[in-house]
Amino acid sequence: MKTKPCLSAAFALACLFTITQPASVLAESGASITDEDLLLARNPIIIKSRLRLANEFTDVSGGGNRDKLILGGVYGFGFNGHDRQFGIGFELPFLYNNPKGGDSEGGVGDLKLRCGQLFTDDPKGWRTGWFFETEFDTAANDVRAIANQRTQMAFGGGASYALWNNFVLTSTLQYGWSLNDGETTGEKSEWEAHLTATAKVSECVAINLDYKAVINTVDGTTLFNTLEPSVSWTVGARKNIGLFASLELPLDDTGTNWIAKIGTAWFF
């Protein structure tokens, strides 16, 4: 769709206008970036115990849509007084397929297990870490057509740097591959890179802008790009409940018009 780059640019300019305001302007609220803010922006190298429930609604080119309801959790632990040095977690999706002109189907998707380690953890400076995840072919027969249909893995790492108390840049890079081929999805071999800006605009609200580039190396090299602006809130007496909403916009023709995401997380 020709409108996608224009719409994406509009979102990008709106977010960048806000997050590139002088630090003194943003700091008037006295707010600073927290672990909760970075996790709601889905920063994969920050470790903190949490439960998460999210929904992703995909608008498919040519008609129809898909829903993915995700239940996930992470337990953070460590040694020598560090309680967020390592993390283990899971994600279990429930998939719903609503094709144009066809019957709707739903069922359990592919289970994902995850682990990670935070190397450096300075909230006012650098944070670095690595992560590994594996996804199993556990999808129900009714939704196999929109599942990955294969056992796959991904290994990656990243770094975050706080330019100011209320502005953090994060960059991650991962490589994902499959152990077997899906009946319709084939083999997986791809690099995925993210560059994310997170800004705190009030005591409870943060905004984010994520650029994602995916390089598929199966049968040649193909590049896909997306832009995802989002907003997140922390609520509750201890600010340990988070809410987030985002809109992922493909910049290339991938068969997807857009993906709307909403969710909540409880940090403990």
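Nothing in this text is a laboratory measurement; each read-out follows from the coordinates by a stated rule. This one's a predicted model, so the numbers in the text were calculated from it and none came from an experiment. A quick note on method: Cβ atoms are made from the backbone with ideal geometry, for glycine too, and the neighbour counts reach across all protein chains shown.
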Long-range amide H contacts for Thr185: which residues qualify at under 5 Å (H placed 1.01 Å from N, peptide plane, sequence gap of 5 or more or a different chain)?
none
At 7 Å along Cα-to-Cβ for each site, give me the label-to-label distance between Phe57 and Ala140 in nm.
2.1 nm
Quick check: net charge around Asp67, other residues with Cβ under 14 Å of its Cβ, Lys/Arg +1 and Asp/Glu -1?
-1
Using alpha carbon centers only, the stretch 136-170 is separated from the stretch 68-104 by a whole-angstrom value of 9 Å
Post the alpha-carbon centroid distance, the stretch 28-67 to the stretch 191-230, in whole angstrom.
12 Å
So, by mean Cβ neighbours within 10 angstrom, what's the order for 166-172, 37-43 with the highest one leading?
37-43, 166-172
Any chance you could give the angle, 0 to 90 degrees and rounded to 10, that helix 3-19 forms with the longest Cα principal axis of the chain?
20 degrees
HN-Hα J couplings of the stretch 97-108 from phi, Karplus 6.51/-1.76/1.60, θ = phi - 60°, integer Hz, Gly and Pro as x?
10, 10, x, 5, x, x, 7, 6, 9, x, x, 5
Let me make sure I get this right: for the chain, a, b and c are the square roots of the gyration tensor eigenvalues over alpha carbons, sorted descending. Under 1.5 in a/c it's rounded, otherwise prolate if a/b > b/c, else oblate. Which is it?
prolate
For Ser104, placing the label point 7 angstrom along Cα-to-beta-carbon and taking the stretch 47-84, residues whose amide nitrogen sits under 13 Å are 64-68
Along each of the three principal axes of the Cα atoms of the stretch 88-176, give the extent in whole Å, ordering the values from largest to smallest.
51, 25, 19
Show me, for the stretch 185-194, the HN-Hα J-couplings you get by feeding each phi into the Karplus relation (A = 6.51, B = -1.76, C = 1.60, θ = phi - 60°), rounded to Hz, glycine and proline as x.
8, x, 8, 10, 7, 8, 9, 9, 10, 10
Let me see the pair-distance distribution of the stretch 156-220: every alpha carbon pair, 5 Å bin width, integer percents in order.
4, 14, 19, 17, 13, 11, 8, 7, 5, 2
Distance in nm between pseudo-label sites at Thr222 and Leu169 (7 Å out along the Cβ direction from Cα):
3.1 nm
Expected sort for Asp35, Asp252 with the fewest Cβ neighbours (10 Å cutoff) up front is Asp252, Asp35
